[in-house]
Amino acid sequence: MKKASVREAYGKTLVELGEKNKDIVVLDADLSGSTKTQMFAQKFPERFFNMGISEQDMMGTAAGLAVAGKIPFASTFAIFATGRAWEQIRQSIAYAGLNVKIVASHGGITVGDDGGSHQALEDVALMRILPNMTVIVPADAIEMAQVIRLITEYYGPVYVRSSRIAFPVIYENKNYSFKIGKADIVREGDELTIISMGLMVHHALAAATLLAIE
C-alpha cells in the first residue's frame, strides 16, 4: 500500500497557505526539521519564530499573536506540547478561546526508537478535556492537508496530532472532503462498527478485511 508522510503534508500545506494569507505565522520549539515547519521557515523567515526548547513560552507567544490578529501555528512533539506546556495551553489559549493552531508531531507509540520519554499516549485525552479545544487526528497525508486548510478558516483553538512515520494512504481514490466533527464511513457494513482515528484507521480496515473472511 502506498504511504505518505503526514508531517510533510503539514509543512507543504503551510507554505501553500502562507503564500495566500499573510496573517499566518509559525512557531516551533527547536524541532522544525522534525515537525517540517522548516519548509515555512525557509519560504517566510520573517513569519517564523524558533522559540528554542521553551514550549511554555511558545504557547504564550502564540496566544499573544492570536490576540494581535495573527493565525499562529505552534509545533513541537506531542509529548512536549501537551506535557510541558499543558497549563499554558489551558490558561492562555483554550480558556480564552484564542485562535491558536497546535500541530504536534510524533504522537502515540510510533516513536519507538526514542523511548517512553517521547511517546505521547495522553495527548489526545489531555486536549479533549480543555474548554473550546477542537481535537483532530488525520488518518493520512491527504486528510492532513485538508485539515490544515480548513482550520486556517476555522476560528478557535485546535489541536492536530501528527506523526513521525509515514501513513498508508486512505483517501487517494475517494471523493473526500474533511468536515470538523463529522465521521467518515471508510468501509460500509451492517454487522459491526469499528471507530478509529489517525494511523489506526489503516489497522481498522485491515481488521475489517479479516473479519469479512470469517
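The values are calculated or read from the model by the stated rules, or taken from the named source; none is laboratory data. Computed from a prediction, not measured in an experiment: that's the story for all the values here. Using ideal geometry, Cβ is built from the backbone for each residue, glycine included, and neighbour counts are taken over all protein chains shown.
Can you name every residue in the range 182-211 that is surrounded by fewer than 13 Cβ atoms within 10 Å (Cβ to Cβ) and in contact (Cβ under 8 Å) with a residue 12 or more places away in the chain?
ALA183, ARG187, GLY189, LEU192, ILE195, LEU211
Looking at the range 48-70, I want the residues that are without any contact (Cβ under 8 Å) to a residue 24 or more places away in the chain and within 19 Å of GLY11 (Cβ to Cβ) and have a partner that is surrounded by 16 or more Cβ atoms within 10 Å (Cβ to Cβ) and of a type outside the set (D, E, K, R) with Cβ atoms under 6 Å, at least 6 apart or on another chain. Which pairs are those?
Here the result reads PHE48/VAL26; PHE48/PHE40; PHE48/ALA41, each pair linking the range 48-70 to a residue that is surrounded by 16 or more Cβ atoms within 10 Å (Cβ to Cβ) and of a type outside the set (D, E, K, R).
If I filter the range 18-29 for residues that are modelled with pLDDT of 95 or more, surrounded by 24 or more Cβ atoms within 10 Å (Cβ to Cβ), under 16 Å from the mean Cα position of the chain (by Cα) and closer than 16 Å to GLN146 by Cα, do I get at least one hit?
The answer is no; no qualifying residue exists.
Evaluate the following for ILE142: is it in contact with a Phe, Trp or Tyr (Cβ under 6 Å, 6 or more places away or on another chain) and under 15 Å from VAL6 (Cβ atoms)?
Criteria met by ILE142.
Going by what's in this entry, would PHE73 be described as at pLDDT 95 or above, under 19 Å from ILE180 (Cα atoms), among the aromatic types (Phe, Trp, Tyr) and in contact with a strand residue (DSSP E or B) (Cβ under 8 Å, 6 or more places away or on another chain)?
yes
Quick one: ALA145 ticks every box in (1) more than 17 Å from the chain's Cα centre (by Cα); (2) within 26 Å of SER34 (Cα to Cα) except a single one, so which number is it?
Every condition holds for ALA145 apart from (1).
Given the conditions (1) touching a strand residue (DSSP E or B) at 6+ places or on another chain (Cβ under 9 Å); (2) free of Cβ contacts under 8 Å to residues at least 60 places away in the same chain; (3) buried (at least 16 other Cβ atoms within 10 Å of the Cβ), and given that GLN42 satisfies all but one, which numbered condition is not satisfied?
(3)
I'd like to check something: does the range 164-176 contain any residue that is touching a helix residue (DSSP H, G or I) at 6+ places or on another chain (Cβ under 9 Å), touching a residue at least 12 places away in the same chain (Cβ under 8 Å) and farther than 22 Å from ALA4 by Cα?
No, the conditions are met nowhere in the range 164-176.
Being surrounded by fewer than 20 Cβ atoms within 10 Å (Cβ to Cβ) and at pLDDT 95 or above is the filter here; which residues of the range 147-168 pass it?
ARG149, LEU150, GLU153, TYR154, TYR155, GLY156
Tell me, which residue of the range 52-97 that is hydrophobic (A, V, I, L, M, F, W, C) and more than 17 Å from the chain's Cα centre (by Cα) is farthest from GLY198 (Cα to Cα)?
ALA68
Have a look at MET144, MET127 and point out the one that is in contact with a Pro (Cβ under 7 Å, 6 or more places away or on another chain), crowded, with 20+ Cβ neighbours inside 10 Å and of a type in the set (A, V, I, L, M, F, W, C).
Answer to the selection: MET144.
Take the residues of the range 109-124 that are closer than 15 Å to ARG84 by Cβ and acidic (Asp, Glu): which is surrounded by the most Cβ atoms within 10 Å (Cβ to Cβ)?
ASP123
Out of curiosity, is ALA104 crowded, with 19+ Cβ neighbours inside 10 Å and outside any loop (DSSP other than H, G, I, E, B)?
The answer is yes for ALA104.
How many residues, within the range 13-46, are over 18 Å from GLU153 (Cβ atoms) and charged (D, E, K, R)?
Qualifying residue count for the region: 5.
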